[in-house]
Amino acid sequence: MIKLSDYWHNKYLLVVLFSFSLIAPTKCFAVNHQTQDGQLTLEDVQEVIERSEQNEEAIELNVLKELNKDMARAVAKTRGKLFLNGLTSMSPEVAGILATHRGWLHLEGLRSISPAVGRALSKHQGWLFLNGLRTLEKDVAIAILPYRGELYLDGVETITPEVAAIIAKRQSGVELYGVRNINYHSVAKLRRNSQIVLPSKYAKAPWWPF
């Protein structure tokens, strides 16, 4: 026969367990909802970094819409592949911090950058992905020129003669698969640099006037 005290004790345990099962999913949903809005805290960012490093995975923080200096310092200390494609703008200060990262730096959410940001990013060591840029202004091209790593600018569609002359001076690789608007002379100038990759349609052909 079950004692009355045991009955109420067991019933109490069931109520506690049931309550916990309701609370736990709510906490997870809050974290996921926060993540989708890009409102991660520094602690959240550090947790993602630690988990990624333990699993030897790329650090993916594309959910971030903004990056403050403390977060930038945390991610800049990592090595390897770093994805920050959710960023649509960046200050020169944050760019300078990110430039201390070593590895693949993906900033493909940036549609444009200032010369100051370009100068800061030019100090990065590794591969720099700026495929979100649609245009490349002369001042930005000059600012990014000293960058010694592989530079990806596949989103740039227009290359002016002035910009082509600047890019042609680069001593490291630059990829420009998205170029559509460019004159023949600029193509010829860029093709003389074996480090520059252009769309296949600009491969040398006998009918080209140079």
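Taken together, the values in this text are just the output of simple stated rules run on the coordinates, not laboratory data. Since we're looking at a predicted model, the values are computed, not measured. A quick note on method: Cβ atoms are made from the backbone with ideal geometry, for glycine too, and the neighbour counts reach across all protein chains shown.
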Simple SL model, points at 7 angstrom along Cα→Cβ for residue 180 and residue 158; separation in nm is 1.2
In terms of modelled amide H atoms, which long-range or inter-chain residues lie less than 5 Å from the amide H of residue 149? 126
For each pair in 81/169; 138/189; 65/138; 81/201, compute the distance between the two Cα atoms and list the pairs where it is over 22 Å. 81/169; 65/138; 81/201
Using the alpha carbons of the range 40-202, what is the convex hull volume per residue in cubic angstrom, as a whole number? 96
Built amide H within the under 5 Å cut-off of residue 102, gap 5+: 80
Run the simple label-point estimate for residue 73 and residue 43 please: 7 Å along Cα→C-beta, distance reported in nm. 1.9
FRET E, pair residue 50, residue 150, Förster distance 25 Å, beta-carbon r, rounded to 0.05: 0.35
